[in-house]
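Taking it in order: structure first as structure tokens, then the write-up.
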Amino acid sequence: MKTSQDPVRDYLSAVEREASALPADRRQELLADLAEHIEVTRAERPDAVIGEILAELGDPRTIAATALAESGSTAAPAWGGSGAPVRRGKVHPLVPLLMLALAQLFGMAFPDDGGPLVGGLVRITGAVLLCTSVHWTAGRKVVGFLLAFGLPSVAMTVWNLSDAGPAGGGPALVANLAALVLASATAAWLWRVRRV
């Protein structure tokens, strides 16, 4: 397949293809707005790589779907201009976030009755759902995984292997609460930056 040497032209062509259900005048207005935004951004940030600028604008399919929704078009944006279905998330984005944020509570509430095991399984399931979700970019998935799963898991492992770890008490509660706050804050951030 032959590709153009102009990424801006390729990007705008993709948006035009995806927005083919829009009326011609609205589609041209959308393309003109995008081209102007790209031009202004390149002028303001001459050192920026064009790929970064285009990535900041978003996926052409998402832009077209948003424009279709705003225009009140009755055309269903579930199908792209290429005939391929838009990939939809099978799991609501709130599910992995709640699993990651609340997994720590199992271990805290039932420390002797298998709570840590259940919490660990819930945390792993939430991490897998996050990593396979279509609701976040790859970069945000990595950050979310590291902050909500990786860092608390490493901290709890180090804590349990240390001399003060399994004994519990005040320091264990502080460590558990810190992991809970970190996972909850990360889940809240991921909720705000999700793709709609």
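The values are calculated or read from the model by the stated rules, or taken from the named source; none is laboratory data. Note that this is a predicted model, so its numbers are computed, not measured. Here the Cβ is made from the backbone with ideal geometry for all residues, glycine too, and neighbour counts use every protein chain on show. Each accessible area value is taken on the protein alone, full model and side chains, heavy atoms only, with ligands, DNA and RNA left out. Shrake-Rupley method; radii C 1.70, N 1.55, O 1.52, S 1.80 Å.
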Does region 135-146 include one or more residues that are open to solvent by 70 Å² or more (accessible area, probe 1.4 Å) and modelled with pLDDT under 85?
-> no
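With Val193, Val154 as the choices, which residue is farther than 14 Å from Ala101 by Cβ, modelled with pLDDT of 80 or more and open to solvent by less than 50 Å² (accessible area, probe 1.4 Å)? Before the answer, list the steps.
On the way: Val154 fails: open to solvent by less than 50 Å² (accessible area, probe 1.4 Å).
Only one candidate passes the filter, namely Val193.
Quick one: how many residues across region 100-114 are within 14 Å of Leu173 (Cβ to Cβ) and open to solvent by less than 50 Å² (accessible area, probe 1.4 Å)?
The initial filter retains those residues of region 100-114 that are within 14 Å of Leu173 (Cβ to Cβ), namely 104-105, 107-109, 111.
Checking which are open to solvent by less than 50 Å² (accessible area, probe 1.4 Å) leaves us with 104, 107.
Of the residues in region 100-114, 2 are within 14 Å of Leu173 (Cβ to Cβ) and open to solvent by less than 50 Å² (accessible area, probe 1.4 Å).
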Search region 157-174 for residues being open to solvent by less than 40 Å² (accessible area, probe 1.4 Å) and at negative phi, and hand back the single one that is modelled with the lowest pLDDT.
-> Gly165
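Just to be sure I understand, how many residues within region 39-51 are charged (D, E, K, R) and open to solvent by less than 100 Å² (accessible area, probe 1.4 Å)? It would help to see each step written out before you state the result.
Kept after step one, since they are charged (D, E, K, R), are these residues of region 39-51: 39, 42, 44-45, 47.
Now restrict to residues that are open to solvent by less than 100 Å² (accessible area, probe 1.4 Å): 45.
Final tally of qualifying residues: 1.
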Please go through region 1-18 and pick out each residue that is surrounded by fewer than 11 Cβ atoms within 10 Å (Cβ to Cβ) and assigned to a helix (DSSP H, G or I).
-> none
